[in-house]
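See structure below.
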Amino acid sequence: MEIIIADTQEEMSKIAADMIERQLLRKPSSVLGLATGSTPVGTYEQLVRRHKEEGLDFSKVITFNLDEYLDLSPSHEQSYRYFMDHHLFNHINVDPKNIHVPYGHAGEVEEFCEWYEDEIKRAGGIDVQILGIGADGHIAFNEPGSSLGSRTRLKTLTRQTIEDNARFFDNLDEVPRFAITMGVGTILEAKEIIILANGAKKAEIVAEAIEGPITAQVSASALQMHRQVTVIVDAEAGSKLKRADYYRWIFEEKKRLVPRLIGKVT
Ligand code: PGA
């Protein structure tokens, strides 16, 4: 893993956007795995700005989102489809038919999940997957105890996740209890993964996921088994990392000597 401790959330977002931009220049028809939540918003803002001001082209890009609440219509303001439209899709030139966000009802959820996995394969697999991390260590909605080999499926959210997400709803009862989510196994098949975290409340779990043991109790720890992961955190989220000095030193040396290798595990 490459671990980058950025000074600020803004720098974190820029580094992630730089990596995605490089990917799109290298392969305009890239398949991007996308995440919702507050963490990637700054990265999406950067990408929108680069599209509008610098012509960064998304016309051939295919996207797959990680997860979506069960039974929430795409037009619901708290649905992840709505979030993605609002923060990214409406502002770039991605072809709507290339956008995939899970959507399903309880009755047909298994068929949907199989179809979603097949669609990812048909697209040639995910080139770059963006992730956030939940306070309980989840990636997508793979709550503690999720099999490290899990595939796209229905998950019941933990109380903590429901409470964390309640800020977006009028009250706790309105927060959906179930979600369709890519599995840890699905995520690990992405060719490259960028995981982002900012803020002091993520410091503990970031350290556990990166420097602790690989365990199904912390889904993000499974990323330690992936060969091309870049962890980008701000100073607060990186504050509990034991080897922070070493990670900082690598980052400084790369900036000084070989900037093109930032985000390339070395
Ligand atoms: P956040 O959520 O970006 O809103 O902190 C992250 C997550 O739950 O994956």
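Nothing charged except the Cβ atoms of Lys and Arg (+1) and of Asp and Glu (-1): what's the magnitude of the dipole of the chain about its Cα centre? Round to the nearest 20 debye.
Dipole size: approximately 1060 debye.
Please give the solvent-accessible surface of residue 38 in Å², to the nearest 10, using a probe radius of 1.4 Å with every protein chain present.
Counting only protein heavy atoms, the figure is 70 Å².
How much of the accessible area of the stretch 1-89, in percent, comes from carbon and sulfur atoms when a 1.4 Å probe is used?
Carbon plus sulfur share of accessible area: 48 percent.
Just add up the charged neighbours of residue 204: K/R +1, D/E -1, any other residue whose Cβ is under 12 Å from the Cβ of residue 204.
-1
Around residue 1, with a cut-off of 13 angstrom between Cβ atoms, what is the net charge of the other residues, counting Lys and Arg +1 and Asp and Glu -1?
That sum, taken over residues with Cβ under 13 Å, equals 0.
So, counting K/R as plus one and D/E as minus one, what does the shell of residues with Cβ under 12 Å around residue 168 add up to?
Net charge around residue 168: -4.
For the chain, report the accessible area per residue in Å² (1.4 Å probe, heavy atoms, rounded to an integer).
Dividing the accessible area of the chain by its residue count gives 46 Å².
Using +1 at the Cβ of each Lys and Arg and -1 at the Cβ of each Asp and Glu in the chain, identify which of 198, 176, 138 lies farthest towards the dipole's positive end.
Farthest along the dipole direction, towards plus: 198.
In debye, nearest 20, what is the charge dipole magnitude of the stretch 174-233 about its Cα centre with +1 on Lys and Arg Cβ and -1 on Asp and Glu Cβ, if you could check?
The dipole of the stretch 174-233 has a size of about 80 debye.
Only Cα pairs within less than 10 Å get springs; with that Gaussian network setup on the chain, which residue of 33, 134, 185 has the largest fluctuation?
185
Roughly how many whole Å is it from the C-alpha centroid of the stretch 211-244 to that of the stretch 132-153?
14
So what is the diffusion coefficient of the chain in µm² per second by Stokes-Einstein at 25 °C and 0.890 mPa s, using a Kirkwood Rh over Cα pairs?
After rounding, the answer is 132 µm²/s.
Among the listed pairs 155/191; 155/242; 97/264; 52/121; 52/240, give every one whose C-alpha distance is greater than 29 Å.
155/242; 97/264; 52/121; 52/240
List the GluC sites (Glu not before Pro) in the stretch 75-112 that DSSP assigns to loop (not H, G, I, E or B) and whose Cβ has at most 12 other Cβ atoms within 10 Å. Which are they?
In loop regions of the stretch 75-112 (DSSP not H, G, I, E or B), the sparsely surrounded GluC sites (Glu not before Pro) are 77.
In a Gaussian network model over the chain where Cα atoms closer than 10 Å are linked, find which of 16, 209, 106 has the largest mean-square fluctuation.
Highest fluctuation of the listed residues: 106.
The values are calculated or read from the model by the stated rules, or taken from the named source; none is laboratory data. Since we're looking at a predicted model, the values are computed, not measured. For neighbour counting, all protein chains shown are included, and Cβ atoms are generated from backbone atoms with ideal geometry for every residue, glycine included. Quick note on the areas: whole protein, heavy atoms, side chains included, nothing else; ligands and nucleic acids left out. Shrake-Rupley method; radii C 1.70, N 1.55, O 1.52, S 1.80 Å.
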